[in-house]
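**Q** Got a structure here, written out as structure tokens. Questions coming.
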Amino acid sequence: VDADDYQNSLIQIRSAEIAYNEQIDKNYDSRILYDLIKIDSAAYPAQDESLRNEYDLIFIDFPGNLKQEGVTTTYNFIDHLFIPTGTSRMDLDSTLEFASYFKSEVMNERKKCGLDTTVHGFFNRVVKSSIEFKQMYKEKQTLPIPFLDNYITESPVTFQRFVSTINSYQNETHNNYEEFC
């Protein structure tokens with residue numbers, strides 16, 4: 001679900017991808033791998049039950065802020081939260097501040113209803129040679145939320161070449177997205 005009402009970047013990428021592939025192959029099936037649905041964050045709560053009946057897994061791409069209508073409410077429907085973060089101290093501080101809010105506001109309410117939520121951070125747009133990343137990766141066990149061992153490296157050239165919502169982005173210098181997932 002692309003619930004980033006103002007940006008909808010996943011929907012935009014998928015639309016361009018479908019148009020491109022349909023030009024190349026008239027029999028192209030745009031339903032390859034998974035459905036991508038645009039649902040405004042404010043409308044998601046009313047659709048959660050029907051989506052859960054139709055899909056085994058639902059991934060939701062949220063906006064980067066909590067002020068967008070419906071975002072905070074929609075967080076109450078999440079069983080697993082994965083938070084991407086950059087490797088600067090400012091990025092990490094922002095991520096940990098959000099995680100603290102999520103734990104105190106959302107997870108506590110879900111626990112009252114007998115529901116559990118797991119929270120994981122992961123490093124995104126990593127420059128492996130940077131001192132900041134090396135230090136943060138070494139100390140990730142000491143952070144207040146667990147961080148995944150795998151991370152996504154920064155590679156603008158490769159990313160631009162293979163940007164896609166359905167194809168696996170291969171990154172030869174570390175893990176590819178399949179291994180990451």
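The values are calculated or read from the model by the stated rules, or taken from the named source; none is laboratory data. Keep in mind the model is a prediction, meaning the values are calculated, not measured. All Cβ positions, glycine included, derive from the backbone under ideal geometry; neighbour counts span all protein chains shown. Side chains included, ligands, DNA and RNA excluded: accessible areas come from the protein's heavy atoms. Shrake-Rupley method; radii C 1.70, N 1.55, O 1.52, S 1.80 Å.
**Q** Please give, to one decimal in nm, the separation of the simple spin-label points placed at Glu109 and Asp93, each 7 Å out from Cα toward the Cβ.
**A** Once both label points are built, they end up 2.8 nm from each other.
**Q** Can you tell me how much longer the chain between Lys134 and Thr118 gets when fully stretched, taken as 0.36 nm per residue apart minus their C-alpha distance, in nm with one decimal? All intermediate terms of the calculation are to be shown ahead of the outcome.
**A** Values: separation 16, 0.36 × 16 = 5.76 nm, distance 2.53 nm.
Difference between extended and current length: 3.2 nm.
**Q** Could you sort Thr73, Thr118, Thr142 by accessible area so the largest value comes first, with the probe set to 1.4 Å?
**A** Numbers: Thr73 75, Thr118 50, Thr142 110 Å².
If we order Thr73, Thr118, Thr142 from most to least accessible, we get Thr142, Thr73, Thr118.
**Q** What whole-number value in Å² describes the accessible area per residue of the stretch 32-82 for a 1.4 Å probe?
**A** Values: 3360 Å² over 51 residues.
With all protein chains present, the stretch 32-82 gives 66 Å² per residue.
**Q** Sticking with this one: Using a 1.4 angstrom probe on heavy atoms only, work out the carbon and sulfur share of the accessible area of the stretch 1-74 in %.
**A** Working: 2470 of 5070 Å².
Summing carbon and sulfur atoms, their accessible area is 49 percent of the total for the stretch 1-74.
**Q** Let me ask something additional. Take the residue pairs Lys67/Lys103; Lys67/Lys134; Lys67/Lys112; Lys103/Lys140 and return only those whose Cα atoms are more than 27 Å apart.
**A** As for pairs spanning more than 27 Å Cα to Cα, those are Lys67/Lys134.
**Q** Calculate the tail of P(r) for the stretch 1-107: the fraction of all Cα-Cα distances greater than 20 Å, expressed in %.
**A** Every Cα pair in the stretch 1-107 considered, those over 20 Å come to 50 percent.
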